[in-house]
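Okay, so here's the structure we're looking at.
Read the figures in this text as sums done on the coordinates, not as results from a lab. The model shown is predicted, which means the values in this text are computed figures rather than measured ones. Cβ atoms come from the backbone with ideal geometry, glycine included; neighbour counts cover every protein chain shown.
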Amino acid sequence: MNSALKPVGSFSRLAQDREELTAIVERFAGVEGVTPTAWPTLSFFRADAPSDRSCAMYEPCMGLLLQGSKHVLLAEDRFEQEYGHYLINSIDVPVTAQVMRASPTEPCLCLTLRLDPVRIGELLSEVKLPKPATATARGLALSPITIELLDPLVRLARLLDSPRDLPSLAPLIERELIYRLLTGEQGARLAQIAAAGGQGQQIARAIQWLKQHYNKPLRIGDLANMVNMSASSLHHHFREITAMSPLQYQKLLRLHEARRLLLTEGCDVATAAHRVGYESPSQFSREYSRQHGAPPLRDVNRLRAVGT
């Protein structure tokens, strides 16, 4: 393309919108960690220094990194989220996240918009989906931000300073954002979970059951019957979307919850192990160490020391 014909204005607009959105997020996220906003599906994140790995459960969401950098680990899949890239997640998955670049003068700043699969499903009949960028069915992916996505994000963030307008205008902007996501690079990936009767929705139902019964024994055949799939099909499609088997998923849920119990409720190791479904405290300690990098008490003491 001739340089004279390139849409230079669009690049300038993208940079301006990104700068404005970064300023809004930094202003509202005055302290480290997650900051909820007046709009329930919108939240901000700030980190003033690089962090150790931390466990989190990612819900269906769009996450835009505006400053700094983060690494997200889904099983063995590593996602390096850099400035100006958004992460799309179509299903609940346990991940390990780590802030790689941040400082008090240039903090790591992120915006997260939680996505409702029901609202996505409502739009599917009106949208012509693009062909998937890749053949993978993985629920998590990264893409560079576009002006079509950034513009409504900026308008939504601006509304935080206009509380009178927020209830009326925010739902319209959120609908526009979902439309842009569905018609964008990762639209087919997002739609697979919302399509009625599809395999993605069956996996979503399996995940919902695992989240509610993570401390119970797991029988793959029973879970497969519950979501109207064969055991082999469940295992295959579950791994395609989440990068792990149902048993691995359940184990991560257990270990994440155990860490929370140890850290916030003061449970001893044996009690936490039993409450999340382990019969053997020694097996629990081994698997906890592999996941979190240290035995339970040492890990919790380290986390408490960091938080003081």
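Observations on the model:
- Remark: spin-label model distance residue 48-residue 71 equals 2.5 nm, labels positioned 7 Å along the Cα→Cβ axis.
- Computed E for residue 228/residue 124 - FRET, C-beta separation, R0 25 angstrom, nearest 0.05: 0.75
- Projected-area average for region 13-75 over all orientations - Cα convex hull basis, square nanometres: 5.4 nm²
- Whole-number percent relative contact order across the chain, with pairs defined as alpha carbons under 8 Å at least 6 apart: 15 percent
- For residue 148 and residue 294, the difference between the fully extended length at 0.36 nm per residue and the C-alpha to C-alpha distance is 48.2 nm.
- For region 11-149, the percent of C-alpha pairs falling in each 5 Å distance bin, counted from 0 to the bin holding the largest distance, reads 2, 9, 17, 23, 21, 15, 9, 3, 1, 0.
- Rounded, prolate or oblate (a/c below 1.5 giving rounded, otherwise prolate when a/b exceeds b/c) for region 161-308 by Cα gyration tensor: oblate
- Based on DSSP H segments of at least four residues, each scored -39500 (n - 2.57), the chain has a per-residue ellipticity at 222 nm of -15000 deg cm²/dmol.
- GNM result for the chain, Cα springs below 10 Å: residue of 226, 100, 244 fluctuating most strongly: 226
- Label positions at residue 270 and residue 38, each projected 7 Å from the Cα along the C-beta direction, are separated by 5.3 nm.
- Scalar couplings 3J(HN,Hα) for region 281-297, obtained by applying the Karplus form with A = 6.51, B = -1.76, C = 1.60 to θ = phi - 60°, are x, 5, 5, 4, 4, 5, 5, 4, 4, 5, 6, 9, x, 6, x, x, 5 Hz; x denotes Gly and Pro.
- Listed by chain and number, the aspartates and glutamates whose C-alpha is less than 15 Å from the C-alpha of residue 70, apart from same-chain residues fewer than 8 away, are 32, 48, 52, 80, 82, 106.
- Measuring nothing but how far apart in sequence close Cα pairs (under 8 Å, 6+ apart) lie, relative to its length, region 1-118 scores a relative contact order of 31 percent.
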